[in-house]
Amino acid sequence: MKRILALTLALALAVFSLAGCSSSKEESSTESSTAETSTAAESSTAAGESSTSAAAGDSDIKIAMITDYGDITDQSFNQTTYEACKAFAESNGFDFTYYKPEGNSTPERVAMVDKAVSDGYNVVVMPGYAFAETITETADTYPDVKFIALDVSQYDLDKSSGEDGYSRDNVYCAVYQEELPGYMAGYYAVASGYTKLGFLGGMAVPAVQRYGYGFVQGADAAAKDLSVSGVEINYAYGNQFYG
C-alpha cells in the first residue's frame, strides 16, 4: 500500500512538473538528441508486451512502465508498480502500457526506454535501483520525458553518472526507509512472545537488506527492553523475487 500511494504521488508530481531528485536542481539541457530505437528492441517480442490500455481521453500524458528483471506477476516490485500505474492511469484517463526488457542489463533497459519514447510515451516509470544507469543515460537525451524511479537513491545516481549530486528536472526518485517497518515487525514479533524468528528476503539488494537489518534490530531491541532471553533469528535470502 505504501508503494502504491508513493507511486501515485510520484506520478502526480511528474504530471504537474514538480519533479527532481533533490531540492537543488541543475538546469536541464534544452538540446534533445533523438535516440534511435535499437534493432533488438524492435524485434523483441517481450518489448511489445503491453497492458490493457487505459482510456486516453483528451490527455497528452502517456505512461509507460519498464519492468526490472522480474515481470508483472512477480508478487513484488514489478507487479505492485504495474498495478499502481494501471490504477492511476485508469482513474485519470491516461494511456498506459508496459515494456519488458529481453534481459537484465542496462543496454536492454535503455532500449525499452527508447522504444517507449518512440511510441509516444512521455512518463516512464522504473522500479528498482538497477535503473540508475538507465536514468543517467536517457534523462538528458529525452528532456521532455518525465522519469520516475523507485528505490533509486542519490548514491546510485551519483555512482552511475560520475557526478556529485546528480539531479535533473525531469527525474523524480522515490526512496523508502524500509528499515522502519522491518524494525517494527521484529520488535512486535518478540513483544508478542515469539523467540524463534525467521527472515526470508527475496534477493540481497539494498531495499530488502534495509528491511532485514531493521527486523533484526527491532527484535534485538525488544529482547533488551522486555528482558526476553533466547531469541534466535534464522536469516536468509531466497535469491529470487517470486515463488
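The values are calculated or read from the model by the stated rules, or taken from the named source; none is laboratory data. All of these numbers come straight from a predicted model, not from anything done at the bench. Ideal geometry is used to build each Cβ from the backbone, glycine not excepted, and the neighbour counts take in all protein chains shown.
Okay, here's what the table says:
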{"read-out": "Residue in the stretch 72-80 that is under 26 Å from SER160 (Cβ atoms), in contact with a strand residue (DSSP E or B) (Cβ under 7 Å, 6 or more places away or on another chain), at pLDDT below 85 and not aliphatic (A, V, I, L, M) present", "value": "yes"}
{"read-out": "Every residue from the stretch 122-143 that is surrounded by fewer than 24 Cβ atoms within 10 Å (Cβ to Cβ) and either farther than 13 Å from ASN170 by Cβ or among the small types (Gly, Ala, Ser) (or both)", "value": "TYR129, ALA130, GLU133, GLU137"}
{"read-out": "Meets criteria (among the hydroxyl-bearing types (Ser, Thr, Tyr) and farther than 22 Å from GLY120 by Cβ) for THR106", "value": "yes"}
{"read-out": "Residue list for the stretch 144-155, filter: farther than 14 Å from ASP114 by Cα and either in contact with a strand residue (DSSP E or B) (Cβ under 8 Å, 6 or more places away or on another chain) or surrounded by 21 or more Cβ atoms within 10 Å (Cβ to Cβ) (or both)", "value": "ILE148, ALA149, LEU150, ASP151, VAL152, SER153, GLN154"}
{"read-out": "Hits in the stretch 205-232 (condition: in contact (Cβ under 8 Å) with a residue 40 or more places away in the chain and either more than 19 Å from VAL175 (Cβ to Cβ) or crowded, with 20+ Cβ neighbours inside 10 Å (or both))", "value": "ALA207, VAL231"}
{"read-out": "Considering residues of the stretch 107-159 that are among the small types (Gly, Ala, Ser) and in a helix (DSSP H, G or I) only, the residue farthest from GLN209 (Cα to Cα)", "value": "SER118"}
{"read-out": "Given (1) crowded, with 17+ Cβ neighbours inside 10 Å; (2) free of Cβ contacts under 8 Å to residues at least 24 places away in the same chain, number of the condition ALA174 does not satisfy", "value": "(2)"}
{"read-out": "Selection count, the stretch 78-106, where residues are free of Cβ contacts under 8 Å to residues at least 40 places away in the same chain and either part of a loop (DSSP other than H, G, I, E, B) or surrounded by 23 or more Cβ atoms within 10 Å (Cβ to Cβ) (or both)", "value": "5"}
